[in-house]
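The structure appears right after this line, and notes come after that.
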Amino acid sequence: MKKYFAYILRCADDTLYTGITTDLKRRIDEHNTDDKKWAKYTKNRRPVALVYSEIYADRSRASQREYEIKQMKRDEKELLVKK
């Protein structure tokens with residue numbers, strides 16, 4: 001069964017980036033090194049570091065959670081990261 005992750009990265013400029021993936025290690029490596037698979041937002045904010053993740057059984061729920069996190073204010077995201 002495939003697992004999906006909703007995740008938050010802290011960028012070099014201290015901003016937060018939220019995304020989803022099926023492979024956290026691979027995706028973080030792509031954010032940090034791969035110029036073909038990087039997210040536009042993180043390309044110029046490298047290096048990035050994983051600061052938070054949640055696991056889901058299906059893509060739909062992971063995408064919903066990604067949206068919820070993106071709607072949060074920064075201080076709410078910081079609280080989530082600290083948990």
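The values are calculated or read from the model by the stated rules, or taken from the named source; none is laboratory data. Just so it is clear, the model here is predicted, and its values are computed rather than measured. Every residue, glycine as well, gets a Cβ built from its backbone with ideal geometry; the counts of neighbours run over all protein chains shown. Quick note on the areas: whole protein, heavy atoms, side chains included, nothing else; ligands and nucleic acids left out. Shrake-Rupley method; radii C 1.70, N 1.55, O 1.52, S 1.80 Å.
Each residue in region 39-52 was checked for being open to solvent by 50 Å² or more (accessible area, probe 1.4 Å) and either more than 12 Å from Tyr7 (Cβ to Cβ) or of a type outside the set (A, V, I, L, M) (or both), and 7 of them qualify.
If I filter region 22-44 for residues that are farther than 15 Å from Lys77 by Cβ, charged (D, E, K, R) and either part of a strand (DSSP E or B) or at pLDDT 95 or above (or both), do I get at least one hit?
Just the residues of region 22-44 that are farther than 15 Å from Lys77 by Cβ, to begin with: 22-40, 42-44.
Then drop every residue that is not charged (D, E, K, R), which leaves 23, 25-27, 29-30, 34-37, 40, 43.
Pick out the ones that are also either part of a strand (DSSP E or B) or at pLDDT 95 or above (or both) and you get 23, 25.
Within region 22-44 (the criterion being farther than 15 Å from Lys77 by Cβ, charged (D, E, K, R) and either part of a strand (DSSP E or B) or at pLDDT 95 or above (or both)), the answer is yes, since at least one residue qualifies.
Scanning region 21-44 for residues that are in contact (Cβ under 8 Å) with a residue 24 or more places away in the chain and closer than 21 Å to Lys82 by Cβ yields one hit, Leu24.
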